[in-house]
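Have a look at the structure below, then the notes.
No lab work stands behind these numbers, since they all come straight from the coordinates. A quick note: this is a predicted structure, and the numbers were derived from the prediction, not measured. All Cβ positions, glycine included, derive from the backbone under ideal geometry; neighbour counts span all protein chains shown.
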Amino acid sequence: VAAPPGPPVYVDLAYLPGSWSARTVDEEFFRRVRSLCYVVSGDDHLKEGVLRSLLDALLTAKHQWGTDIQVTLIPTFDSLVMHEWYQETHDRQQELGITVLGSNSTVAMQDETFPACKVEF
């Protein structure tokens with residue numbers, strides 16, 4: 001069922017769904033939900049299987065936005081699929097104004113440490 005026509009929604013931050021819901025994120029999603037930052041969360045095997053098509057959908061839809069909105073993609077997990085996509089589409093990302101953040105810092109809280117990155121608006 002196609003979604004009814006309407007203007008896109010502009011937000012500062014959007015979390016992309018994980019697990020089975022990740023399959024619902026396609027070009028139409030990125031045409032309608034235009035965000036300054038997209039958080040790719042959900043380090044699971046289900047998302048890993050659709051991650052490449054999700055990332056490619058962002059590139060295709062962003063090309064159609066027709067504006068110079070800078071987009072930051074924030075993965076919350078390390079993924080071979082993400083690394084390959086980043087390398088293979090890096091020139092296209094730059095052309096479209098898409099930046100992929102990495103988690104190069106570590107935060108220590110109580111008895112655990114985890115990778116983190118800082119995002120400012």
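Odds and ends about this structure:
- A simple rule links phi to the HN-Hα coupling: the Karplus curve 6.51 cos²θ - 1.76 cosθ + 1.60 with θ = phi - 60°, which for the range 54-64 gives 4, 5, 5, 4, 4, 4, 5, 5, 4, 4, 8 Hz, with x for Gly and Pro.
- Under 5 Å, built H, 5+ apart or other chain: amide partners of LEU36: VAL11, ASP12, LEU13
- Normalised contact order of the range 9-115, rounded percent, pairs of Cα under 8 Å and 6 or more residues apart: 25
- Subtracting the Cα-Cα distance of SER53 and LEU101 from their residue separation scaled by 0.36 nm leaves 15.4 nm.
- Packing around the peptides 26-37, 6-17, taken as the average count of other Cβ atoms within 10 Å per residue, puts them in this order, highest first: 26-37, 6-17.
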